[in-house]
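The structure under discussion appears below in the form of structure tokens.
The values are calculated or read from the model by the stated rules, or taken from the named source; none is laboratory data. Quick caveat: nothing in here was measured; it's all calculated off a predicted structure. Every residue, glycine among them, receives a Cβ derived from its backbone with ideal geometry; neighbour counts consider all protein chains shown. Only protein heavy atoms, including side chains, enter the accessible area calculation; ligands, DNA and RNA are left aside. Shrake-Rupley method; radii C 1.70, N 1.55, O 1.52, S 1.80 Å.
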Amino acid sequence: MLNMNVVEFEKIISEKSEIENEMYQLMKELYPICRSITGNGVRKTLSILRRYIPLQIHEVPSGTTVFDWTIPKEWNINDAFIKDSTGKKIVDFKKCNLHVMNYSVPVHKKISLEELKKHVYTIPEQPNDIPYLTTYYDEKWGFCMTHNDFVKLSDGQYEVFIDSSLKNGSLTYGEFYIKGERSDEILLTCYVCHPSLCNDNLSGMVLITMLARYLNSLTNRYSFRFLFIPETIGSITWLSINEKKIPEIKHGLVATCVGDSGPFTYKKTRMGNTELDRVVNFVLKNSDKKFKIIDFVPYGSDERQFCSTAFNMPVGSLVRSLYPLPKEYHTSADNFEFVKKENLSESFAIYLYILMILEQNQIYKNMNPKCEPQLSKRGLYSKLGSTKYKLKKDMHEIVFLWILNLSDGRHTLLDIAEKSGIDFILLKKSVDILQKNNLLKISELKNYS
Ligand code: ZN
């Protein structure tokens, strides 16, 4: 099996049109499913993802205590509508699942317009968009619709129907673990609880799936763990069941909102100075993409739980335009116009670059540390000794000198890349050449923390 060396990395990145098509197709397949924090929508989603990776499916019963929380009853829905007095459907769940407030309890009755208005939610500032709302821990019912349709409603009787169920069942999540050479883990998570929304959560799901499938085809130094969990309650559940595994997790990323055209936004780990924070900073700085890096804040997605006081895990979050929230966020406008294929493959490449550096960020030892080795006799140095010879940062000679000088058993490859400004891929290729010439070897002092 292959290791994620730089040649492999360059190959997969060059095949990006294939990957972006696959990601986009998968997203199209998952889009219509009505997901929630529990229920058959999640199960169906995970069963589709199992075509790509051998996900293990976990079911945690309703009523289970997970730290300060309790797994809620399971919610499922078949159909829902609002009919006007003529019997015409003016809101139809089958046309768009955002029309029903997620976790609505069942209802079937005829009500006045005045009564209906108490249960209808719109966004007056975005009159063409349907909002996405949830009522997980408050047993009520509601509909969401465009403000333009809402203002057209006239007096009269309306039939409201929500064919849902809220019963004891379980919370479902998916997990995939790839054993590496070491037990140290890299955690990659996404959430699987949003219904028909493309960027806010489908993009994360397809990204993590494709990364997992690719990493599963390689031999990795790190072990990798992938979680497909409902947001908040899912990460709390996983942490409460797997507390013992937490110390093994050396780096983690929460992936969501990676399909829009906005700049990459990296939210640092709570510690703010981990190896992961440095690697992401390096990758974004050396990409030609727009980006911003922000400090950890205790709101957002599942990083809130991973970085809660007691755990303080080295988990960050890499998204596109999330802060400030784009207007499409949590509305029907978060669709296939908002998410673009090329953004998905760009995000895939950035994530993979980060993982490749984490995999390759080792410490080396110069085997000839007393003065420089004579590179020219090994064919590694230009024999032109002219002073007019222009030194370029990317010349192999210069790269060799940087590597040899800093390979004192204390500097990682990332340290060398940061100090020298040399591209990481070029650096790693040069390391391989020096190793072949017995001038360098991996230091025993591997720095994994
Ligand atoms: Zn969301």
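So which of ILE186, ILE178, ILE162 ends up being farther than 30 Å from LYS94 by Cα, over 14 Å from the mean Cα position of the chain (by Cα) and more than 16 Å from the ligand (Cβ to nearest atom)?
On the way: ILE186 fails: over 14 Å from the mean Cα position of the chain (by Cα); ILE162 fails: farther than 30 Å from LYS94 by Cα.
Of ILE186, ILE178, ILE162, the one residue that is farther than 30 Å from LYS94 by Cα, over 14 Å from the mean Cα position of the chain (by Cα) and more than 16 Å from the ligand (Cβ to nearest atom) is ILE178.
Which of the following residues is touching a Pro at 6+ places or on another chain (Cβ under 9 Å), farther than 27 Å from PRO61 by Cβ and within 16 Å of the ligand (Cβ to nearest atom): ASN199, ASN216?
Values: ASN216 fails: within 16 Å of the ligand (Cβ to nearest atom).
Going through ASN199, ASN216 in turn, just one is touching a Pro at 6+ places or on another chain (Cβ under 9 Å), farther than 27 Å from PRO61 by Cβ and within 16 Å of the ligand (Cβ to nearest atom): ASN199.
Beta carbons closer than 8 Å, at least 6 apart along the sequence or on distinct chains, pair a first residue in region 299-312 that is farther than 18 Å from GLY204 by Cβ with a second that is away from the ligand (no atom under 16 Å from the Cβ) for PHE311/LEU239; PHE311/ILE246; ASN312/ARG270; ASN312/MET271.
The single condition among (1) modelled with pLDDT under 95; (2) surrounded by fewer than 14 Cβ atoms within 10 Å (Cβ to Cβ); (3) more than 16 Å from the ligand (Cβ to nearest atom); (4) in the same structural domain as ILE233 (by TED's automatic domain parsing) that PRO324 does not meet is (3).
Considering only residues of region 248-302 that are of a type in the set (Ser, Thr, Tyr) and in a loop (DSSP other than H, G, I, E, B), which is farthest from LEU414 (Cα to Cα)? Here the answer is TYR299.
When region 327-356 is filtered for residues that are within 13 Å of PHE264 (Cα to Cα) and open to solvent by 50 Å² or more (accessible area, probe 1.4 Å), only GLU346 remains.
Residues that are surrounded by fewer than 24 Cβ atoms within 10 Å (Cβ to Cβ) and either modelled with pLDDT under 95 or not assigned by TED's automatic domain parsing to the domain that holds LEU188 (or both) do occur in region 300-315. The residue pairs whose first member lies in region 253-276 and is of a type in the set (Lys, Arg), whose second member is within 16 Å of the ligand (Cβ to nearest atom), and whose beta carbons are closer than 6 Å, counting only pairs six or more residues apart or on different chains, are LYS267/SER317. Contact annotation: no residue pair with Cβ atoms under 8 Å, 6 or more positions apart or on different chains, pairs a residue in region 181-197 that is at positive phi with a partner that is outside any strand (DSSP E or B) and away from the ligand (no atom under 12 Å from the Cβ).
Could you identify the single residue in ILE48, ILE130, ILE111, ILE71 that is β-branched (Val, Ile, Thr), under 30 Å from GLY174 (Cβ atoms) and surrounded by fewer than 20 Cβ atoms within 10 Å (Cβ to Cβ)? Spell out the reasoning first.
Values: ILE130 fails: surrounded by fewer than 20 Cβ atoms within 10 Å (Cβ to Cβ); ILE111 fails: under 30 Å from GLY174 (Cβ atoms); ILE71 fails: surrounded by fewer than 20 Cβ atoms within 10 Å (Cβ to Cβ).
Criteria check complete, one pass: ILE48.
Within region 256-289, being within 13 Å of SER321 (Cβ to Cβ), away from the ligand (no atom under 16 Å from the Cβ) and in contact with a strand residue (DSSP E or B) (Cβ under 7 Å, 6 or more places away or on another chain) holds for PRO263, PHE264, TYR266, LYS289.
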